[in-house]
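Heads up, the thing below is written out as C-alpha cells.
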Amino acid sequence: MLAIVGSTSLIDCTVNHQFYEQNNFNVIVAGVPFDCFNTPNIAAVNMGLYYSSLGAAQYLVRAGAKSIVAVGANVPGGDHDISGPGAFAEANGVPNNGAFLENVPISDASAIALRAAQAAGDGGGVVINFTPPEGLKVLQAAEQQGLIDSVMWAWSTPGNDVSVAQALSPAWNGRVGVNAELNLVDSTGPKNMLLQQGPNAAGKSTLVLAVAGVLLPVAGQVFLGEHELTRLPPEKRRQAGVAVVPEGRRLMPDLTVAENLQVATYSLSRHDAASSVDHAVELFPELKARWTIQGRYLSGGKQQMVVLAQAIVSRPTTLLVDELSLGLAPVVVKRLVPVLGAIARSGVGVLLIEQFAHVVLGLANTAYILEGGRIRYHGTASELRQKPELLHSAYLLRTEAGRA
C-alpha cells in the first residue's frame with residue numbers, strides 16, 4: 001500500500017495516473033485536473049472544478065440570472081471544467097451565452113471582465129473558474145469598470161479562500177456567490193428567541209454556515225457578544241458556545257442514538273457530559289426507547305430530535321436551527337417547537353431559520369426577513385404577525401425576480 005500525503009502537483013493526476021494503474025497504487029487526492037476524477041486508482045476527496053463551477057451556476061440560476069456565461073483558465077481540461085454551467089442553464093430554460101478560456105497568468109483582466117459581462121448581458125450571470133490570484137484580477141477589474149451590478153457573479157471553489165475576503169472591497173459585499181463545497185442578530189434576556197424568515201435562496205442557510213465557520217464571509221465580521229469569531233474554525237466556534245442544527249438532519253447514521261449524543265460531548269468533563277445527556281433525554285424522552293438503534297433506522301422526526309439533542313448536550317450559549325420543519329409532518333413540528341421555547345427560556349439564544357413563518361411566529365420575540373441576501377425587515381415578531389403584507393412582499397419580490 002502506498003500513501004501519498006501532502007501536496008504534489010496540479011498536474012500530478014494527468015502525468016502519473018498511468019503509472020499508478022500499472023503499479024496498482026491507490027491514491028487519494030484533492031484533485032484539480034479532470035484525470036483526478038475519471039481515471040482508475042485515484043480517489044478525489046473534493047468535488048473538482050467541473051462540479052464546483054456547476055454549483056456556482058446553480059446559485060446564479062436560482063437567484064434569477066437571465067443568462068449564464070462561464071470563464072475559466074486555458075489549461076488542459078479547462079474546457080471540461082467550465083462546460084457544466086452552460087448545460088445546467090439550458091436544462092433550466094436559461095440562455096447559455098458561452099464559455100471562454102483565458103490564458104493564465106492573466107495579463108488583461110479588464111478585457112476579460114468586460115467581455116464576460118457583455119456576453120451575459122444585463123441581469124445575466126457570470127461564473128469564473130480561476131485560482132484566487134487570477135480570479136481576484138477579474139473581479140477587481142470588474143469593479144474598476146463599474147460592472148459589479150450589471151451582471152450577477154459567482155466563483156467556483158477556489159474563490160472560497162481567506163485571501164479573497166481580505167482583497168475584495170466592501171463593494172462586493174453580497175455581490176458574488178462562492179461555491180464553498182463544503183450580520184449576526186443579537187438578543188438577550190429570558191426570552192431570547194429569534195426568527196430568520198425568507199423564501200428559498202434568500203441567504204438563510206448561507207448565514208448559518210457563515211456563523212458556523214463552514215463558509216468564510218467575503219466581507220463583514222461574526223461576533224458572539226464581544227468575541228469575534230470571523231476567522232475561527234468550526235470547532236473553536238462550538239467551544240465558544242455556538243451550536244448549529246443544519247438543514248437536512250445531518251446525524252451520524254451508523255452510530256446509535258446514544259453514540260450520537262456522546263460524540264457531541266467530546267469537550268465536556270465526564271460529569272458534565274452525563275448531566276447534559278440526561279437533560280437532552282428529559283426534553284426528548286422518546287429517544288430513550290431508541291437508545292441502541294442506529295440513526296439511519298429512525299424516522300425523520302426522531303432524527304431531527306437526535307440532531308437537536310446533539311446541539312443541546314454541547315451546552316451552547318447560542319443555538320442556530322436551520323429549517324426545523326423541512327420534510328417533517330405537522331404533528332412532529334408541533335412536538336419540536338415547544339422544546340425550542342424551553343431552551344430559549346433557559347437563557348440560550350436561539351436563532352431559528354424557517355421558510356414557513358407560521359411555524360414559529362407565536363414563539364419568537366424578534367424577527368428578520370431575508371431576501372436576496374439582505375435584511376428586508378427587522379422588528380418584533382408580534383408586528384410581523386399583525387402585518388402579514390411584510391411577509392407577502394418578500395415572497396412576491398422573489399417571485400417577480402425569478403420571472404424577470
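Across the stretch 145-173, the qualifying residues are those that are out of contact with any helix residue (DSSP H, G or I) (no Cβ under 7 Å at 6 or more places or on another chain) and surrounded by fewer than 16 Cβ atoms within 10 Å (Cβ to Cβ), and the one among them that is modelled with the lowest pLDDT is VAL162. Of all the criteria given as (1) closer than 30 Å to THR14 by Cβ; (2) more than 22 Å from the chain's Cα centre (by Cα), the one not satisfied by PRO132 is (2). Annotation for the stretch 167-180: at least one member residue is under 28 Å from VAL208 (Cβ atoms), among the hydrophobic types (A, V, I, L, M, F, W, C) and part of a loop (DSSP other than H, G, I, E, B). When the strands (runs of 3 or more DSSP E) confined to the stretch 320-404 are screened for residues that are farther than 17 Å from PRO246 by Cα and modelled with pLDDT under 80, those reaching at least 2 such residues are found at 366-371, 374-380. Within the stretch 15-35, restricting attention to residues that are at pLDDT below 80 and outside any strand (DSSP E or B), the residue that is surrounded by the most Cβ atoms within 10 Å (Cβ to Cβ) is PRO33.
Pick out the one residue from PHE88, PHE100 that is among the aromatic types (Phe, Trp, Tyr) and surrounded by fewer than 19 Cβ atoms within 10 Å (Cβ to Cβ).
PHE100
Count, please, the residues in the stretch 236-265 that happen to be under 25 Å from GLY300 (Cα atoms) and surrounded by fewer than 20 Cβ atoms within 10 Å (Cβ to Cβ). Count: 13.
The values are calculated or read from the model by the stated rules, or taken from the named source; none is laboratory data. Remember, predicted model here, so these are calculated numbers, not experimental data. Every residue, glycine among them, receives a Cβ derived from its backbone with ideal geometry; neighbour counts consider all protein chains shown.
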